Amino acid sequence: MPTRDGAATVPVPRSGEGGAAEVISGQARPRLGRHVRMRPDRPTGGWVLLGPETVVVLNRTGHAVLRLCDGERTVDEIVAALVEGHDGADELTVGEQVRGYLERLADRNLVDMG
């Protein structure tokens with residue numbers, strides 16, 4: 001779609017529309033990004049992810065995923081560990097959700113996909 005100065009712009013895909021998003025490999029070894037730390041949050045009893053000028057309050061699921069992101073385990077191993085810990089969990093669904101979560105964090109430089 002052209003702009004006033006004649007330059008073309010590319011529309012940004014909306015969530016669920018697909019696009020050129022990078023697919024996270026099952027062999028990637030995620031770890032917390034540079035200068036990012038996960039710490040207990042005393043007031044809530046939960047956990048937070050602390051990055052430069054960023055605080056992300058983690059729910060139980062987010063904490064469960066990120067505690068496994070040590071740079072040693074692969075994404076596939078993380079998914080397998082999460083599925084193993086929950087009876088009836090579907091590996092395909094968990095894998096899609098974990099990859100989506102890690103992709104969003106990687107986009108914000110909170111996770112390095114190694």
> Between Val56 and Thr44, what length in nm is gained on full extension when 0.36 nm per residue of separation is reduced by their alpha carbon distance?
Replying inline: 3.0 nm
>> If each residue of separation counts as 0.36 nm, what is the full-extension length gain between Arg67 and Asp107 once their alpha-carbon separation is subtracted?
In response: 12.5 nm
> Which ³J(HN,Hα) values in Hz, rounded to whole numbers, follow from the phi angles of region 98-114 under the Karplus curve 6.51 cos²θ - 1.76 cosθ + 1.60, where θ = phi - 60° and Gly and Pro get x?
Replying inline: 5, 4, x, 4, 5, 4, 5, 5, 5, 4, 9, 6, 8, 10, 9, 7, x
>> Quick query: amide H of Val111 versus all other amide H atoms, modeled in the peptide plane; which residues come in under 5 Å with a sequence gap of 5 or more or a different chain?
In response: Gly33, Ala106
> Counting only protein chains, not ligands or nucleic acids, how are His86, His63 ordered by accessible area (probe 1.4 Å), most first?
Replying inline: His86, His63
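What ranking of Thr93, Thr74 comes out by heavy-atom accessible area, probe 1.4 Å, highest first? Display every interim value, and only then the final one.
Working: Thr93 60, Thr74 5 Å².
The ranking, largest first, comes out as Thr93, Thr74.
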> Tell me, what is the 1.4 Å probe accessible area of Asp107, in Å² to the nearest 10?
Replying inline: 120
> Over the alpha carbons of region 17-114, what is the largest minus smallest coordinate on each principal axis, giving the biggest first in Å?
Replying inline: 35, 33, 30
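The values are calculated or read from the model by the stated rules, or taken from the named source; none is laboratory data. What you see is a predicted model; the values in this text were computed from it and never measured. Calculation scope for accessible area: heavy atoms of the full protein, side chains included, ligands and nucleic acids excluded. Shrake-Rupley method; radii C 1.70, N 1.55, O 1.52, S 1.80 Å.
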